[in-house]
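The values are calculated or read from the model by the stated rules, or taken from the named source; none is laboratory data. Note that the structure is predicted; figures quoted are calculated from it, not measured. Counting neighbours? That spans all protein chains shown, and the Cβs are built from the backbone with ideal geometry, glycine included. In case anyone asks, the SASA skips ligands and DNA or RNA and just uses the protein heavy atoms, side chains included. Shrake-Rupley method; radii C 1.70, N 1.55, O 1.52, S 1.80 Å.
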Amino acid sequence: MAILPIVETPDPRLKQVSQPVDAVTDELRRLMDDMLETMYAAPGIGLAAIQVGEPVRVLVIDLQELPEGEEDEDKRVRAPLYFVNPEILERSQEMTTYNEGCLSVPEQYAEIDRPSVIRARWLDYDGNAHEQEIDGFLATVLQHEMDHLEGILFIDHLSKLKRDMVLKKLTKMRKLAA
Ligand code: NI
């Protein structure tokens, strides 16, 4: 496995629409393995293939949740999920707001509203088909990652004024880090 460089805004690759995958091959599984390792190293909880420069409809997600009652950060449990050619079939009217971030918009956060419950269809790591209702934090993360497949970043859901503020903060942060 390998840690890949993460594409960051304003790289134009993040604006492109990713293409569906024909089949889940060993080569694709290698990409998913590398994406997962890249995501864990970042660290992050979700990554779309375009964020490592591959314009294919593939996502990895691992919420790495703490078991109930556990407070030790080292006890987070890894449970990787793989989504190939994901589609959203239904969205609830009810919305949920989360303070979102993105590895392609480093260290910037903003509250984004998304449908609370979705019904989604996808292929997994082994190429098996799934169709399932998804709610909670996973619903938000999956929708955020699926936006990447359409060339959409979470900051694109903000007003231009708020988005420009976030991008200005990012530019300032990069200057300080340089
Ligand atoms: Ni993202």
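Worth a mention:
- Residue identified as over 21 Å from Ser18 (Cα atoms) and among the basic types (Lys, Arg) among Arg121, Arg78: Arg78
A quick yes/no check of all residues on (1) free of Cβ contacts under 8 Å to residues at least 24 places away in the same chain; (2) under 16 Å from Ile6 (Cα atoms); (3) within 16 Å of the ligand (Cβ to nearest atom):
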| site | (1), (2), (3) |
| --- | --- |
| Pro43 | yes, yes, yes |
| Ala49 | no, yes, yes |
| Gly53 | no, yes, yes |
| Val58 | no, yes, yes |
| Glu71 | yes, no, no |
| Pro80 | no, no, no |
| Glu100 | no, no, yes |
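- Selection from region 113-148 of residues that are in contact with a Ser or Thr (Cβ under 9 Å, 6 or more places away or on another chain) and within 11 Å of the ligand (Cβ to nearest atom): His148
- Subset of region 68-125 (residues that are farther than 25 Å from Leu14 by Cβ and basic (Lys, Arg)): Lys75, Arg76, Arg78, Arg119
- When residues in region 82-98 are screened for being hydrophobic (A, V, I, L, M, F, W, C), away from the ligand (no atom under 16 Å from the Cβ) and touching a residue at least 40 places away in the same chain (Cβ under 8 Å), 3 of them pass.
- Hits in region 12-32 - residues which are open to solvent by less than 40 Å² (accessible area, probe 1.4 Å) and away from the ligand (no atom under 12 Å from the Cβ): Ser18, Val21, Val24, Leu28, Leu31, Met32
- Region 102-151: number of residues that are free of Cβ contacts under 8 Å to residues at least 40 places away in the same chain, open to solvent by less than 70 Å² (accessible area, probe 1.4 Å), within 26 Å of Glu27 (Cα to Cα) and not aromatic (Phe, Trp, Tyr): 3
- From the list Leu153, Leu158, the one residue that fits, being more than 12 Å from the ligand (Cβ to nearest atom) and within 21 Å of the chain's Cα centre (by Cα), is Leu158.
- Sole residue being at negative phi and crowded, with 18+ Cβ neighbours inside 10 Å, chosen from Ile88, Ile45: Ile45
- Scanning region 1-32 for residues that are under 15 Å from the mean Cα position of the chain (by Cα), of a type outside the set (A, V, I, L, M) and farther than 26 Å from Gln108 by Cβ yields no hits at all.
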